[in-house]
Amino acid sequence: MTRKIFVSALSVLALSVGTAGVAAASNSDSYGVIIPPMSVSSPASGPQAPSATTPGETQIAKQLQTFPGLNNVDPTRYTATELQNILEAARKGDTTTLNFYLRRENAQPGGPGVGATNPGKSQIAAQLGLNPKAYTSAQLQRIAYAVENGNLDEAAFVASQAAPSAVN
């Protein structure tokens, strides 16, 4: 008698779980979930805090200490990719690239601002016949886009916004 009750209970359970999965599948684009996942996502496994470092970043910073002048590189200030680029530039003796990443010029929004320049910004300005130090990268790109599309009024307007101290 108890065996029949147990088998009946199991059948009802299987039927209800199976029906719930079918109902979930018919009500959405997914196939329905019958059994919840076994692993639980932990908030502690989320993204790292900005000032935290990974073992890899710490290792690269220690490798950088072997190069003259790079013994004080703080791994919390750079991403792993930046640290790798600094290490590669130090190995090659490429001081331009080394200083580019050490000064975090790659992290400036829109490229170098007014008064600063880089090869890309200089190239756009040269094509437009403008001083790269008088404009931001965004301004130069906006002028170039306006000129390409024949909107000379907008190009003139943006060009008129040049920094007065950097025009000469």
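Looking at A23, is it among the small types (G, A, S), modelled with pLDDT under 80, out of contact with any Ser or Thr (no Cβ under 7 Å at 6 or more places or on another chain) and part of a loop (DSSP other than H, G, I, E, B)? Taking the combined requirement at face value, the residue does not satisfy it. When T53, T66, T95 are screened for being at pLDDT 65 or above and within 23 Å of the chain's Cα centre (by Cα), only T53 passes.
Checking each residue in region 127-157 for being under 30 Å from the mean Cα position of the chain (by Cα), farther than 18 Å from T117 by Cα and among the hydrophobic types (A, V, I, L, M, F, W, C) picks out only A146.
The values are calculated or read from the model by the stated rules, or taken from the named source; none is laboratory data. Since the model is a prediction, treat every value here as computed from it, not as a measurement. As a convention, Cβ positions derive from the backbone with ideal geometry for all residues, glycine included, and neighbour counts pool all protein chains shown.
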